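The values are calculated or read from the model by the stated rules, or taken from the named source; none is laboratory data. All values derive from a computational prediction rather than experimental measurement. Cβ: placed from backbone, ideal geometry, glycine included. Neighbour counts: every protein chain shown. Note: accessible area is taken over every heavy atom of the protein model, side chains too, but ligands, DNA and RNA are not part of it. Shrake-Rupley method; radii C 1.70, N 1.55, O 1.52, S 1.80 Å.
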Amino acid sequence: MDELRRLVAGSDRIRAVGSGHSFNRLGDTTGDLVSLAGLPPTVELDPERATVTVAAGLSYGEVATRLHSQGYALANLASLPHISVAGAVATATHGSGDANGNLATAVAALELVTADGELLTVDRSDDRFAGMVVNLGALGVVTRVTLDVVPAFDVRQYVRLGLPRDALGAAFASAYSVSAFTDWRSSRLEVWRKQQADQPPPPARWFGTTAARADRHPVPGMPAENCSPQLGVPGPWHERLPHFRLRFTPSSGDELQSEYHLPREVAAAALAALDPVADRIAAVVQVCELRTVAADELWLSPNYRRDTLAMHFTWIGDEAAVTPVVAEAEQRLAPFAPRPHWGKVFGSSPGAVAAAWPRQADFLALLTDLDPTGKFRTELLDRYFPRR
């Protein structure tokens, strides 16, 4: 820790390196990059406070495995267990579930090394806390994160095929965590329904769907053995809530990603707005995933004060082919006030970002206060949070 503090204090420009699961220039810097992999991999459970304090560089998969062995769980996980805790929290990465907030909402406290090399700890009692959790790596190098925990629980996962769009809202409300997938070649959806193990299975003709007869991968043609078990086989929370197994390559590997968070009540209209360009999307998308996320109070969260439908695109790995389709999708979604995921490909104007995040000015003031020389700034941050 002392070495890290000296390094941060002595650098003109510096950024922390997470798991690399970002698809834009958010993590880039013209200065130093620092990895936290050498810090002690601590996972310290506090049953009385129902929290766990973890080394920020650990992956969620590593934390979950150790936490489960002590009889506890996190309320939700993202589709990939490979991502680092600090990186996922900093960008408000999320799983799914009408009642589940994004991963940052579980944060009870943060420890970070600030621009002057000092160690700062903040928790929910601090007025700045709601602005510091989803921080884009801009306020310092986060070294430890305290997360809320719940008792461990089991989950069954069922995959259903052919869901009509008009049943999407009811499908999302039907289980603990629900994801819907489309390749934009059909209006019907594939649904991954993750339910608590004591909940009854979906009926045979659930919303007019049919049951998958074998495990599936979200991306057509990819091997299902990379994915968490399905077919209703019960298992611990950390082996069912993610779509992918920790020891396998997640998603397709060769890809670009974009994601837009929309008010949940406009889901049908937003999907319909993209229908006229469905063929253009289908030509460059590997799969599109729809998830729901509960509202929160975190300043830079795309779920700030609104329940959300998250529309996630996994594109082919061809930037030249994908970029114009992203621009078209953003133009068509613009009337619905989309908030892009901070770590994905997007081209929103600074004005659109300022309008989408009501607390942008408050975060800029916090950024200016904690990093007056711009030590943690990047080209992307300068675009959306211009210096005063």
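As a calculated quantity, the FRET efficiency between THR210 and THR368 at R0 = 45 Å, using C-beta atoms, amounts to about 0.20. Put simply, the amide H of LEU189, placed in the peptide plane, has neighbours under 5 Å in GLY162, LEU163, leaving out anything fewer than 5 places away on its chain. Taking each residue as 0.36 nm, the span from ALA354 to ASP254 lengthens on full extension beyond its C-alpha to C-alpha distance by 32.8 nm. Here the label points at ARG6 and SER125, each 7 Å from Cα along the C-beta direction, are separated by 3.4 nm in the simple model. Multiplying the residue separation of ASP318 and ALA173 by 0.36 nm and subtracting their alpha-carbon distance yields 48.7 nm. Placing a label point 7 Å from the Cα of GLU118 along the Cα-to-Cβ line, the residues of the stretch 351-382 whose backbone N sits under 12 Å from it are 370-371. Axis angle, to the nearest 10 degrees, between helix 360-370 and the longest C-alpha principal axis of the chain: 40 degrees. With R₀ fixed at 45 Å, the C-beta to C-beta distance from LEU161 to ASP382 puts the FRET efficiency at about 0.50. Annotation: average projected area of the chain is 17.9 square nanometres, based on the convex hull of Cα atoms across all directions. Structural descriptor for the stretch 1-151: relative contact order 26 percent, calculated from alpha carbon pairs under 8 angstrom and at least 6 residues apart. The share of accessible area on the chain that comes from carbon and sulfur is 52 percent, using a 1.4 angstrom probe. A probe of 1.4 angstrom, applied to the heavy atoms of all protein chains, finds SER59 with accessible area near 10 square angstrom.
For the stretch 37-110, the solvent-accessible area with a 1.4 angstrom probe is 33 square angstrom per residue. Relative contact order of the chain: 19 percent, from C-alpha pairs under 8 Å at least 6 residues apart in sequence.
Let me check I've understood the local charge: for LEU298, count other residues with C-beta under 15 angstrom from its C-beta, Lys and Arg +1, Asp and Glu -1. What total comes out?
On the way: positive: ARG124, ARG128, ARG305, ARG306, ARG339, ARG359; negative: ASP123, ASP126, ASP127, ASP148, ASP296, GLU297, ASP307, ASP362.
In short, -2.
The residues of the stretch 203-362 have, on average, 40 Å² of accessible surface per residue, using a 1.4 Å probe with all protein chains present.
Mean sequence separation of contacting Cα pairs (under 8 Å, at least six apart), scaled by the length of the stretch 252-318, corresponds to a relative contact order of 51 percent. Its Kirkwood hydrodynamic radius, worked out from the mean inverse distance over all distinct Cα pairs, puts the stretch 259-334 at 13.1 Å.
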